[in-house]
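Read the figures in this text as sums done on the coordinates, not as results from a lab. Please read these numbers as outputs of a predicted model, since none were measured by experiment. Here the Cβ positions follow ideal geometry from the backbone for every residue, glycine too, while neighbour counts run over all protein chains shown.
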Amino acid sequence: MGYFLKFNRQKKQKKKPMSKLYKSIFNVNGCSVVKQEQTDTTVTITVRLTKGNASRCGCCGRKGKLYDNGREQRVWRTLDLGTKMGFIRMDTYRVKCKKCGVKTVKVPWASHRSGFTDAFEQQVAWAVCSMSKKAVAKQLRIAWNTVGEIADRVWDRLDTRPIKAGCIFRRIGIDETSYKKGHKYITVVVDHDRRCVIWVHEGYGKEVLDLFMRELSEEQRKGVELVTCDGAKWIRSSIEEFLPNAERCVDSFHVVQWATEALDKVRVEAWKEARKENRNQKRGRGRPTKDSVPKDRTAEGIKNSRYALGKAPENLNESQQRKIELIASRYPRLYRAYQLKEELRIILKMGYDDARENLDRWLWRASHSRIGSVKDLYAKIKRNYDGILNTIRLGVSNARIEATNNKIKLLIRTAYGFRNMNNMLSLIMLSCSYVDVKIAYEWESESRESSSKAA
Ligand SMILES: [Zn+2]
């Protein structure tokens, strides 16, 4: 009896009251705090793994045998405590795993090979979805290029791939988006029903899209009912090869875009003509006299009319309306092209039967317009005739994917470019896809709940 009493008293004296507090502040489990120290800018705790966690493999987490006691000291950065940076320090050693071979021992607070705790990485991933990389680097006191690496690691951890899980995607949208001022492209696939990105890849073209198609199972391919896209041939041929039940829908956004581009070509031609005329007008030397003819300003009017021509007529302001009137009186060819663009825009908003009838009539008019760029537009629309009517009949739009493309461009711009392509794709998936990136405190409370459930 006496012996037990003595033993208990000794144990009580050994126990460090601060240890528990530090463990809860740093939110580490599976270890005991051996020492804590602080400087003006840092708080560091030194820990030792508890028996149950002492010999787990760093790669797969299975129990292995102790291999050596290498005594390499490692330090992990964790979330800040007030204004001080938090660090966890431990003497690591290696473990022999049956599956992976000799690996560094697993620690419960961080991923293999990472110098940051999971909570810290979660915080970085959440922040980089809404802030520039520079701001994240400054706020969390890490290097600029570490931010991208962390985003990549978090995406790897979160990736739950609905493609592999065999989800059926009924309605998808395919598009390519440019970055680096249009020098480089990425292909993006979105799911219209789940409203998220399901796949991104560097580059564009049939080979790239075929990679996505091959990732899908036979059942998934048959399940695709419609695909929205622009008129690109590579998308069409890939759909024909892989998706037997899919109807191709050419999005009205793109159709209007084609029309606007064709109209702009006509405008540039008209502007060049007007400028030529202006040059040919002879002007005397010196300051113009009072009764001399004022300089013709039509060329400038046309040059600056791009926005007026692109806008819907009901949204024009007064000066824009004057420009259109000027064009109507002086440049009938340009005005004709403008009218054709507007008619096309209205047709795309009609019901199926009306749209079909009016589109046929529009095609006839465009083919007889005797304007080169409008004839090109005619050919393009004729090629995509079924796709355009499918879109109207099924009432879908590619607005979702265009919005996503804008978000992606914004993301790349706010992140100020990427050196590593994988990091960029991971960031895109983190912020636009099916995963929900939790901020550190949400993530922590969630993992606490799941671990208590498991226990
Ligand atoms: Zn292992």
Next item on the list: On a 0 to 90° scale, report how tilted helix 372-383 is relative to the longest principal axis of the chain, with both axes built from alpha carbons and the result rounded to the nearest 10.
Entry: 60
Margin query: Projecting each Cα onto the charge dipole of segment 22-115 (Lys/Arg +1, Asp/Glu -1 at the beta carbon, about the Cα centre), which of Cys59, Val43, Thr78 comes out farthest on the positive side?
Written below: Cys59
Notebook entry, point to check: For Arg275 and Glu314, what is the calculated FRET efficiency with R₀ set at 35 Å and r taken between the beta-carbons, to the nearest 0.05?
Noted result: 0.70
Check: What are the principal axis extents of the Cα atoms in segment 22-115, in Å, biggest first?
Finding: 44, 22, 21
Notebook entry, point to check: If you stretched the chain out fully between Ser237 and Thr42, how much longer would it get, using 0.36 nm times the residue separation minus the C-alpha to C-alpha distance?
Noted result: 64.3 nm
Check: Which residues' amide hydrogens lie under 5 Å from the amide hydrogen of Cys249, considering only partners 5 or more residues apart or on another chain, with H built in the peptide plane?
Finding: Val227, Thr228, Cys229
Check: Of the listed peptides 249-255, 91-97, what is their order by residue-averaged count of other C-beta atoms within 10 Å, with the highest listed first?
Finding: 249-255, 91-97
Checklist line | Phi to ³J(HN,Hα) by Karplus 6.51 cos²θ - 1.76 cosθ + 1.60 over segment 49-61, Hz, x for Gly, Pro | finding: 5, 7, 4, x, 9, 6, 10, 8, 6, x, 7, 10, x
Notebook entry, point to check: Under the Karplus relation 6.51 cos²θ - 1.76 cosθ + 1.60, θ = phi - 60°, what is the ordered set of whole-Hz ³J(HN,Hα) values for segment 350-358, x standing for Gly and Pro?
Noted result: 7, x, 4, 5, 4, 4, 4, 4, 5
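Only counting other Cβ atoms within 10 Å, I'd like Tyr204, Tyr434 sorted with the fewest neighbours first.
So the residues, fewest neighbours to most, are Tyr434, Tyr204.
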Next item on the list: Could you pull out every residue, at least 5 positions away or on a different chain, whose amide H is within less than 5 Å of the one on Gln36? Hs are placed 1.01 Å off N in the peptide plane, and Pro or chain starts have none.
Entry: Thr46
Notebook entry, point to check: When the chain is fully extended, how far beyond the present Cα-Cα distance does Ser452 get from Ile168, taking 0.36 nm per residue of separation?
Noted result: 98.9 nm
Notebook entry, point to check: At a Förster radius of 25 Å, what calculated FRET efficiency corresponds to the Cβ-Cβ distance of Asp264 and Tyr385, to the nearest 0.05?
Noted result: 0.60
Margin query: Charges at C-beta only: +1 for Lys and Arg, -1 for Asp and Glu. How large is the resulting dipole of the chain about its Cα centre, in Debye rounded to 20?
Written below: 2360
Next item on the list: Have a look at Ala151, Thr404, Val105 and report the one farthest towards the positive end of the charge dipole of the chain, computed about the Cα centre with Cβ charges (Lys/Arg +1, Asp/Glu -1).
Entry: Val105
Margin query: Calculate the FRET efficiency for Glu207 and Lys181 from the Cβ-Cβ distance with a Förster distance of 25 Å, rounded to the nearest 0.05.
Written below: 0.55
Notebook entry, point to check: How many nm is it between the label spots at Ala143 and Thr160, if each spot is 7 Å from the Cα in line with the beta carbon?
Noted result: 3.3
Check: Which is farthest toward the positive dipole end of the chain among Phe26, Ser451, Ile388, measuring Cα position about the Cα centre, with Cβ charges +1 (Lys, Arg) and -1 (Asp, Glu)?
Finding: Phe26
Note to self: Charges at C-beta only: +1 for Lys and Arg, -1 for Asp and Glu. How large is the resulting dipole of segment 22-115 about its Cα centre, in Debye rounded to 20?
What the structure shows: 740
Next item on the list: Return one number: the angle in degrees, 0 to 90 and rounded to the nearest 10, between the long axis of the Cα atoms of helix 440-454 and the longest principal axis of the Cα atoms of the chain.
Entry: 50
Item checked: Whole-Hz couplings from phi, Karplus 6.51/-1.76/1.60, listed for segment 124-134; x for Gly and Pro -> 5, 5, 5, 5, 6, 6, 10, 10, 6, 4, 4
Check: Please state the relative contact order of the chain as a whole percent: Cα pairs under 8 Å, 6+ residues apart?
Finding: 15
Checklist line | Ordering of 232-245, 102-115 by packing [mean C-beta count within 10 Å, highest first] | finding: 102-115, 232-245
